[in-house]
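Down below is the structure, laid out as structure tokens.
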Amino acid sequence: MSWFADLLGPFRGFAVTMRQVRKPRVTIKYPDEKRVKPQRFHGRHVLNRNDDGQEKCIGCELCAGVCPANCIYVRGADNPTDAPVSQGERYGFVYEINLLRCIFCALCVEACPTEAITMTHLFEMSVDNRDDAIFTRDELLVDRDGTPNHPEPASKLIDLDELVAGDGWMRATSSSGKAAYEGIVAWTPSARTGLLPPEKGQSESPQDPAEAQEGDDT
Ligand code: SF4
Ligand code: SF4
């Protein structure tokens, strides 16, 4: 009967195709169509400013220290007393991220004590030489009004609006990462966006933060 099975083979294959044709399509016509990304998406970084225009980065180098890919280079410098660049004693006067090495883990965002570095929703960053993959302070730092910079102009691939979407990871991460702290704002306002609200729905039944603290102490 093997000749009969061979004869049916193509029809069986065609039946598989016909079953798939009736199912909803899961592919989209990228880049004409783009999916809405999750609010905690890890895309390109930006360096933020306070709502008064001062830089949030205080040049502490914690982000560089925690980075598992060793792709951040920061040099801090003392703030000029007559015109301080940041609210700390120091500011990051050199800041570079080698995005070829970055694994987009967001540990730098978690480590930053001032919410200076956050990640956006833009991931289309193709370059044609290695030097251009090193994003410098000029490219990472937003303007005084909070408008982000990007080395390439807007195009079908590069939606610059995705550079102002983000901060989701910071707004979802509460003290100790506990869902019990859901809704507790632990970050400062930024230029352009102001004080962003906490992410909603991190847990079904958030605990009282005081109770959670007691639990931590025991
Ligand atoms: S996202 Fe991760 S790998 Fe990339 S710069 Fe930040 S800490 Fe380093
Ligand atoms: S981005 Fe944050 S962690 Fe990194 S040097 Fe600046 S203040 Fe420190």
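The values are calculated or read from the model by the stated rules, or taken from the named source; none is laboratory data. Everything numeric here is computed off the predicted structure, so don't read it as measured data. Positions of Cβ are generated from backbone atoms using ideal geometry, with glycine treated the same way; all protein chains shown enter the neighbour counts.
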Consider only pairs whose beta carbons are under 7 Å apart and that are at least six residues apart or on different chains; among these, list those whose first residue lies in segment 97-110 and is within 13 Å of R130 (Cα to Cα) and touching a residue at least 12 places away in the same chain (Cβ under 8 Å) and whose second residue is β-branched (V, I, T) and within 7 Å of ligand 1 (Cβ to nearest atom). I97/I72
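Of these, A165, A111, which one is among the small types (G, A, S) and over 14 Å from V46 (Cα atoms)? Explain how you work it out, then say what you get.
Numbers: A165 fails: over 14 Å from V46 (Cα atoms).
The unique qualifying residue is A111.
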Would you mind telling me which numbered condition in (1) touching a helix residue (DSSP H, G or I) at 6+ places or on another chain (Cβ under 6 Å); (2) within 16 Å of ligand 2 (Cβ to nearest atom) P151 fails? (2)
Restricting segment 117-136 to residues that are in contact with a strand residue (DSSP E or B) (Cβ under 8 Å, 6 or more places away or on another chain) and under 12 Å from L99 (Cβ atoms), which is farthest from ligand 2 (Cβ to nearest atom)? A133
For segment 127-142 the number of residues that are away from ligand 1 (no atom under 16 Å from the Cβ) and either in contact (Cβ under 8 Å) with a residue 24 or more places away in the chain or not in a loop (DSSP other than H, G, I, E, B) (or both) is 5
Looking only at segment 187-197, decide whether some residue is assigned to a helix (DSSP H, G or I), out of contact with any Ser or Thr (no Cβ under 8 Å at 6 or more places or on another chain), at pLDDT below 90 and more than 23 Å from L99 (Cβ to Cβ). no
Can you find a residue in segment 160-168 that is buried (at least 17 other Cβ atoms within 10 Å of the Cβ), part of a loop (DSSP other than H, G, I, E, B), within 13 Å of the chain's Cα centre (by Cα) and at positive phi? yes
Can you give me the number of residues within segment 117-158 that are under 19 Å from G59 (Cα atoms) and surrounded by fewer than 13 Cβ atoms within 10 Å (Cβ to Cβ)? 2
